[in-house]
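Worksheet: the structure to be examined is printed underneath.
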Amino acid sequence: MSNLEGVSVIVVGAGFGGLTAAIELRRKGATVQVFESTKQLTEQGDTIQLASNATKTVAKWGDVLQKIAEDSARPRSLECQNSQGQLLYNQPLPLDFDGFPVLYPSRGKAHKAIYDHAASIGVQFRFGTRVTGFFETETQAGVEIGNERVVADAVIAANGVHSKARALVAGSPQNPSSSGFAAYRCWFPVEALNRDDPFLDEIINAKEDRYWVWIGPDVHALVMTNIKMQWLACFCTHKDIYTAAESWSSPGKKEDLLKVVDGWDERLRAVFNSIPPEKLIDWKLLWRDPLSRWLSQHGRIALLGDAAHPHLPSSGQGAAQAIEDGATMGATLDRAGKDVPLGFRAYEKIRYWRTNLTQRMGWELRHLWHNTDWEKVKQDPKVLEFRQPYWLFGADPEGYAYEAYDEVVDCLKNKKEFIPKNVPQGYRHEEWTMEDMLKQDGTKFVVYD
């Protein structure tokens, strides 16, 4: 009999992390119900990185990984250029770690494949359902949906940076802050490109997936081709001039995007000029400082994914770390059985240092690209690398959670410090805030390898 037989779990939010937690807990015998505010999932959205530390978990879900991989981009290098298009460093990108692929799928299609699997194994869903509150006692937890109260043994808040559960955990209301930047992003068919423009020949006639980044003061722009789907993903940061209270996502204006890259490489401008206006989104990059506590007072409500640790896109790990959360939570709750608070406490201890570090990696890479030391680049172009160390990409979150569980519990019960092994060898955690990152001059960056 499963340790989770008879345990009921509510998951709020059907993103990558919420779906992973739902699948992993259902696989291990729990009854799982997911509440999602949107009325239905769609296959819309741009591209996303699912690194090997994410696909290692997805590979356990029947043919889901195969379906996602079928139309994913798999670029072999990241071509890093300055604003004028001069190639600075052509960084090789591993296609896999330990046989588990690094994928860049359509966000919407990957999401739909994972949802279909969750539904097929008995995860229950309620769409168009906005959770308005969270509550708990020593023996139960639940959510409020208007006047309705739904009770379970555990609640997982996986509903993003605006989650109301974060205020419950932190003990006071918290609003997300602007990271200082927003990003134009879009995903559109290659056929929309102007075939008469010679600057676009390299993209239109590409025979393999390509991935370019252009860097300049306070701006970086990305373009990736997906040969299988014949689609193109674009991303461009810019200074955020709006308040955090305003919408996190709104239609973008192509003329404003072109102003951001005025005077830049004509190839990049030609791509941006071809974007269908209805495909362009202006996406606010919201932030919350790392929160060391992810659990409610009685330990029956836990934060997951962006609700606990929002990542900047420059980390490349937002979705992967949410998936790792879900896989870890499935293992720790499986070991804890009916003792939900203990399982959640073990999850928090295993995950906190690692996600705090991957959050920081995103800030530091953005700093390197936006405040480039060109003399250092001349001496060693590798300073521009998008780091992909084995401790990060080669991780097995479920396997490590099972391996570390007894040690974590011993540390919790005997009030000893737990030193996780899912971070670089010798790494010691230090608390930091967004203000600390904004003051960085690049001399005190963490060593990740």
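The values are calculated or read from the model by the stated rules, or taken from the named source; none is laboratory data. Everything numeric in this text was worked out from a predicted model, so none of it was measured. Cβ placement follows ideal geometry from the backbone for every residue including glycine, while neighbour counts extend to all protein chains displayed.
Below are the figures for this structure:
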read-out: The lone exception for Thr38 - which of (1) surrounded by 15 or more Cβ atoms within 10 Å (Cβ to Cβ); (2) under 21 Å from the mean Cα position of the chain (by Cα); (3) under 30 Å from Arg300 (Cβ atoms) it fails; value: (1)
read-out: Breaking point among (1) of a type outside the set (A, V, I, L, M, F, W, C); (2) more than 30 Å from Gln33 (Cα to Cα); (3) more than 19 Å from the chain's Cα centre (by Cα); (4) assigned to a strand (DSSP E or B), for Arg195; value: (4)
read-out: Residue within segment 88-95 that is closer than 30 Å to Phe199 by Cα, in a loop (DSSP other than H, G, I, E, B), free of Cβ contacts under 8 Å to residues at least 60 places away in the same chain and not assigned by TED's automatic domain parsing to the domain that holds Ala206 present; value: yes
read-out: Considering residues of segment 41-74 that are assigned to a strand (DSSP E or B) and at pLDDT 95 or above only, the residue surrounded by the most Cβ atoms within 10 Å (Cβ to Cβ); value: Leu50
read-out: Long-range neighbours under 7 Å by Cβ, at least six apart or interchain, first residue within 14 Å of Asn82 (Cα to Cα) and not assigned by TED's automatic domain parsing to the domain that holds Ile48 within segment 210-226, second among the basic types (Lys, Arg) and surrounded by fewer than 20 Cβ atoms within 10 Å (Cβ to Cβ); value: Asp218/Lys239
read-out: Meets criteria (under 24 Å from the mean Cα position of the chain (by Cα), at pLDDT below 90 and either buried (at least 18 other Cβ atoms within 10 Å of the Cβ) or not acidic (Asp, Glu) (or both)) for Phe188; value: no
read-out: Which numbered condition Asn159 misses (of (1) assigned by TED's automatic domain parsing to the domain that holds Gly108; (2) under 19 Å from the mean Cα position of the chain (by Cα); (3) assigned to a strand (DSSP E or B)); value: (3)
read-out: Enumeration of residues in segment 341-397 that are without any contact (Cβ under 8 Å) to a residue 12 or more places away in the chain and acidic (Asp, Glu); value: Glu375, Asp380
read-out: Contacts under 6 angstrom Cβ, first residue in segment 411-423 being under 14 Å from Glu324 (Cβ atoms), partner among the basic types (Lys, Arg), 6 or more apart; value: Asn422/Arg354; Val423/Arg354
read-out: Residue in segment 27-38 that is assigned to a helix (DSSP H, G or I) and more than 24 Å from Gln388 (Cα to Cα) present; value: yes
